[in-house]
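K.L.:
Just dropping this structure here.
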């Protein structure tokens, strides 16, 4: 009887995750904790469906097939499946479950976090933005992305909020590739370490000029990929490769060269004409998708 009941538990409460939707999942309704199951299976096992049903009002549940999503497993430091992680809040390091693989101890562990981190528990921007239904809650993928994209919704948060530091803006005609992102992350980590005791800060972002051509025009750049270092404070200004510089381009080495040039005090900044940034384009939100009989994962 128990097996029959478990078989018919709803599966739509468990979101299948991949590199395309994981950031949206983690940052939609950011005040709600996320429970992630890393498994070699393609569908949620009965025990995980039971957990998602039990805590459906307080937590969200996701499934990562480690065979198909090796990059996600690597990102979360998962070397062996099955493994359960709980993301308590956006930007926090996920906590791993280390107990017995059985429903009751896992449910008790999840329940402890539910009591502390349930919806409305003071995390993130819920108090500022008001209450959202699950279908209305806006995602904020830039909160968890190493190199966030500059869009109409993210711009103020990732660079243009008056916060400290300059912005390293990688300009790409189209999507940022995994290789490009990895190179930028490596540079970001290296420069962050170097600047730790110097009181300087860099914020690393990218911009798709195919969707934001006015920005490419503002920078006076026609070849891509490319890069600028932007100073968003008081007088808006930016530094790019010299017009007669034929040696450097917008690859990893070129980005490193320009950043070092600026940090060394040799960068020549150009004032943004009219001190007004181009309007960023409206983008449609990504539509929401829904998707063994023993205690096992």
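None of the figures in this text is laboratory data; all of them are computed from the coordinates on show. Predicted model only: the values in this text are computed from it and were never measured. Glycine also receives a Cβ, built like all others from the backbone with ideal geometry; neighbour counts cover every protein chain displayed.
K.L.:
What would the Debye formula give as log10 I(q)/I(0) at q = 0.13, 0.14, 0.15, 0.26 Å⁻¹ for the alpha-carbon point model of region 226-281, no solvent?
P.N.:
The Debye formula, applied to the Cα set alone, gives -0.36, -0.41, -0.47, -1.07.
K.L.:
Fewest to most neighbouring Cβ within 10 Å: what's the order for 205, 90?
P.N.:
Starting with the residue having the fewest Cβ neighbours, the order is 90, 205.
K.L.:
Another question, then. Apply the a/c threshold of 1.5 to the C-alpha gyration tensor of region 144-249 and tell me whether it is rounded, prolate or oblate.
P.N.:
Rounded.
K.L.:
What is the gain in length, in nm to one decimal, between residue 75 and residue 103 on full extension, counting 0.36 nm per residue of separation less the C-alpha to C-alpha distance?
P.N.:
7.4 nm
K.L.:
Also, I was wondering about something else. Give, in nm to one decimal, the length gained when the segment between residue 93 and residue 177 is fully stretched (0.36 nm per residue of separation minus the Cα-Cα distance).
P.N.:
Value of the extension gain: 27.7 nm.
K.L.:
Between residue 20 and residue 211, what's the calculated FRET efficiency when r is the beta-carbon distance and R0 is 22 Å? Round to 0.05. Mind dumping the intermediate values first?
P.N.:
On the way: r = 17 Å, r/R0 = 0.78.
Efficiency computed from Cβ-Cβ geometry: 0.80.
K.L.:
FRET efficiency for residue 186 and residue 56, Cβ-Cβ distance as r, R0 = 45 Å, nearest 0.05? Before the final figure, lay out each step's value.
P.N.:
Working: r = 40 Å, r/R0 = 0.88.
Plugging the Cβ-Cβ distance into 1/(1 + (r/R0)^6) gives 0.70.
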